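Here the structure is laid out as structure tokens; the discussion comes afterwards.
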Amino acid sequence: MPEDIDIEALSPMMQHYLQTKEKYKDTILFYRLGDFYEMFFEDAKIVSKELELTLTGKNCGLKERAPMCGVPFHAVDNYLNRLVSKGYKVAICEQLEDPKSAKGIVKRDVIRIVTPGTNINATANAGDENCFIVCAMQDESLIGLAVSDVTTGEFYVSELKDVREFMDCIARYSPKELICNKGFAIGGIDREALKSRFNLTPDILEAHYFDPHECERTIMGHFKVKSLNGLGLHDLSAGSIAAGALFKYIQDTQMADLKNITHITPFHMGKYMLLDSFALRNLELTETLREKQKRGSLLWVLDHTRTAMGARKLKSMLEQPLIDVNEIDRRLSAVEELCENIMLRDSIRESLNGVYDLERLMCRISFASANPRDLVSLKESIRNIPAIKSALSGNKDALLASLEAQMDSLTDIFELIEAAIVDEPPIVQKAGGIIKPGFSKEADDLRDAGINGKRWLSDLEEKERERTGIKNLKIKFSKVFGYAFEVTNSFLNMVPPEYVRKQTLTGGERFITEELNSLADTILNSEEKLNQLEYALFDEVRARIAANVERVQNTAAALAMLDFIQSLSYTAEKNNYVRPRINDKGILKIKGGRHPVVERMTGDDAFVKNDLYLDGQDRMLSLITGPNMAGKSTYMRQNALITLMACVGSFVPADEADICIVDRIFTRVGASDDLSSGQSTFMVEMTEVANILRNATNRSLLILDEIGRGTSTFDGLSIAWAVIEYICAHNRGSKTLFATHYHELTELEGKLKGIHNYCFAVRERGDDVIFLRKVIEGSADRSYGIHVARLAGVPDEVVKRADELLRELINNDIIEGIKEIADRETAPETPAGKSARAEADVQEEFYQYSIFDTMKQTDIEREILGLDLSRTTPIEALNKLYELQDRLNNNA
């Protein structure tokens, strides 16, 4: 919009548009004009470009036409969702009165602001995904965090120690929008990482949103409590401020009471297994690492839910495994009950199949945006609840029994909708055809007027003929005068006194009566009045249902949990999983374990089972060696996934499993540059390793794959070695799977307590190698990298030359020196040998066995071997010897 615009020159409508736009500067304004939402000036240019719409113009009193584009109101959701998904905020300016009855300019105002994290449109969000909005508030030492999904009514509050924990939470919740205070924005958050990894740009709110007293009043006012203690927020001061700011922001954008947010849940990190962003990504819990797709993830394997609520619950549970033995066993027992009672499970699955997304239906009902079909969907969902309660009735399993008790049959809501709303209503709320006959006498009368109007007129005409004796009296209609009695001139003397002359004709006159006027008004306005009345009745029904939001939400939560349990049971039976035993003794024992995803992807029984035993003490670290492509990474991930599944409450893919409580799963798997922050593969790797070493406890599970491979051979070997020593010394009790191609590290077995060597078996046939995929005790002496290169299609010339170089290096055995270091490093120290582990000595030993030094000596050896001694004179031989000695001294 031009800055020097003359507001007085604009039309009244455009003046109002600009006044409204001024109030909502940071939004795109959808301005309702008739059957379209129009955008003007800069908004029009943005929307035209983003949605590929035609940019036109509108005369509004300026010299040049104002840029304009628009979208039809009946299809606005599609365009709205596309804009919001691109990060824009959209203010909806609606007509607040009927243009036909308006005097002057139609009254308009903004009714809500749609943002990425508050889009409640039915088509905006995938059913199995949450639409979270996050509010972060930095105080002196903590980060207050509030997380809400407006569409489901979820609201969580927590406090975090640092930015790393915050990034882990962002990875877990995958929010659509992030709002924060200024302190957080300038407090060290990596905006580039937020944008590149999560497509988030922090929106800094004004300071008044984070006023502690105002935040407290906002929360207490919404939940109608006298203090925050009643909500469990007494020890979350920073979290409470974030919660209050988020509430205020949602209220300001939605311009409505948040009736569907009926409870607030304090989230304490210590109650669940912690999975940082690296673990969530590397274990591919909810999406694959490369394609970012559900197929190929653990969620894809376990998801046999029948409702959108259950699908969201499953995803949430996978990201928050339990660390309480009793709670895990409670879930496992419920899963086992449904595995043993297949008929019960099938009955539950069939009934759940008819249940719609109650949480999001109630959101739209609470926000008065639900249409008649939403109410029918709610009714059809409720229809299935009695069958589910009946199936669970009398079940002895504690969890299933509690879910049955939590469910409300909601019979009164079902009966209300059944009585009020037709079975197949139109989607448009004000088009009529919504209310069933018999629900409202007034609506029935109006409906009858539209259907039986002609018969009523005919009956009145016949009655008046008999009463007046005017044999040719007729009821006629004209667009100007409406309905009237027509009497010919020959019968005018018989017209009763209550007849009022309305129109004079050539052959007679037309009259009206009070009764005819009333009937005509009923007939002529019945359709419009009926539509208005039906909408009012529908709105009343919707409001009555909204008053029961907490009852419906409690039932929805029980149904979601039941769906989660039956999905785990169905998967367990289908994939031949077993119930794990859960212990708190630190023992991790898996017999015949299988990778749940790889097994499903291959689709056959060819997957090779493998065992695992770790106890954090005598068997603390499994050092795994073996060829490339042998299955080391698969084996480590599979054991991490089996552990996680057990803590979620799922049966596991194994012949037998005894799983200990794990407080965290750490992973250092794969290699990828973090280009957005300028970090190389090796820097990313070291950052992850540092996080693991600093935060692992004696209850943690560590998955470390090829530590040190991103740098030079001896640097990498040194780091891997030092990491193993550190884990054994400082992280005693943590259970570690450590895969490596540094076969030299296998010398640590027997020298550091708790380390045991394992390798993947192979079978050689000439130049061919068969990977047996079986883990056995012992160490591998080769990585078969050249064989893998041949399989990958590397040119034969390169493969052949690599094989020659490998044999040459092996013949110059540089490994013995490393074995000597291992012996010296782990030998008991004597009073005279306190400096045996000095860093300079270690570096000196490594230097002596440098690959490049070995290659220089090999060149000299080749030169000596190439001398023809039979033709060399003694003086030539002596000179040559001096020359070689001089070269060796220079290389030393």
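The values are calculated or read from the model by the stated rules, or taken from the named source; none is laboratory data. What you are looking at is a predicted structure, and each value in this text was computed from that prediction instead of being measured. Cβ coordinates were reconstructed from backbone atoms using ideal geometry, including for glycine residues, and neighbour counts include every protein chain displayed. Each accessible area value is taken on the protein alone, full model and side chains, heavy atoms only, with ligands, DNA and RNA left out. Shrake-Rupley method; radii C 1.70, N 1.55, O 1.52, S 1.80 Å.
Summary of the geometry: region 414-484 and region 189-228, compared by the centres of their Cα atoms, lie 55 Å apart. Applying the Kirkwood pairwise sum to the alpha-carbon positions of region 74-135 produces a hydrodynamic radius of 13.4 angstrom.
Ratio of Rg to Rh for region 318-420: 1.05 [Cα atoms; Kirkwood radius as inverse mean 1/r over pairs]. Carbon and sulfur atoms: what percent of the 1.4 Å accessible area of region 91-233 do they account for? Whole-percent figure for carbon plus sulfur exposure: 50.
Our summary of shape: the Cα atoms of region 24-119 have principal axis extents of 38, 31, 24 Å, ordered from largest down, in whole angstrom. Kindly identify region 298-364 as rounded, prolate or oblate by the Cα gyration tensor criterion: order the square roots of the eigenvalues as a ≥ b ≥ c, call it rounded if a/c is under 1.5, otherwise compare a/b with b/c, prolate if a/b is larger, else oblate. Verdict is oblate for region 298-364. If you look at the Cα atoms of region 165-244, you get an Rg and a Dmax of 14.4, 43 Å. Across all Cα atoms of region 43-193, the radius of gyration (one decimal) and Dmax (whole number) stand at 20.0, 59 Å.
Counting only C-alpha contacts under 8 Å and six or more residues apart, can you give the relative contact order of region 70-129 as a whole percent?
It comes to 36 percent, rounded to a whole number.
As a fraction of the 1.4 Å probe accessible area of region 237-310, surface on carbon and sulfur atoms comes out at 45 percent.
Using C-alpha pairs below 8 Å separated by at least 6 residues, the relative contact order for region 419-479 is 19 percent. Over the chain, all Cα pairs binned in 20 Å intervals from 0 give whole-percent P(r) values of 11, 32, 28, 17, 8, 3, 1, 0, 0, listed from short to long.
Using every Cα-Cα pair within region 253-315, state what percent have a distance larger than 18 Å.
Across region 253-315, Cα pairs with separations above 18 Å total 58 percent.
Value of Rg to Rh for region 605-729, rounded to two decimals, is 0.97; Kirkwood radius and Rg both from alpha-carbon coordinates. Accessible surface calculations at 1.4 Å, restricted to protein heavy atoms, place the chain at 48 Å² per residue. Each peptide in 299-312, 475-488, 165-178, 246-259 receives the mean, over its residues, of other Cβ atoms within 10 Å, and ordering these scores from highest gives 299-312, 165-178, 246-259, 475-488.
How big, in percent, is the set of alpha carbon pairs in region 576-644 lying more than 19 Å apart?
The answer is 36 percent, as a whole percent.
In the chain, Cα pairs under 8 Å separated by at least six residues give a relative contact order of 9 percent.
A simple packing score, the average count of other Cβ atoms within 10 Å per residue, orders the peptides 361-370, 607-616 as 361-370, 607-616, with the highest score first. I need the fraction of alpha carbon pairs in region 148-203 separated by more than 18 Å, rounded to a whole percent. Every Cα pair in region 148-203 considered, those over 18 Å come to 32 percent.
All Cα-Cα distances of region 512-616, cut into 5 Å bins from zero to the largest, leave 2, 8, 9, 9, 9, 8, 7, 5, 5, 5, 5, 5, 4, 4, 3, 3, 3, 2, 1, 0 percent in each bin in turn.
When peptides 31-44, 68-81 are ranked by their average number of other Cβ atoms within 10 Å per residue, the highest-first order is 31-44, 68-81.
Size descriptors for region 251-386: radius of gyration and Dmax over Cα atoms are 18.2, 51 Å.
Protein heavy-atom surface of region 565-604, 1.4 angstrom probe: 46% of the accessible area is carbon and sulfur, with nucleic acids and ligands not counted. Positive contributions from Lys and Arg (+1) and negative ones from Asp and Glu (-1), summed over other residues with Cβ under 10 Å from the Cβ of Thr27, come out at +2.
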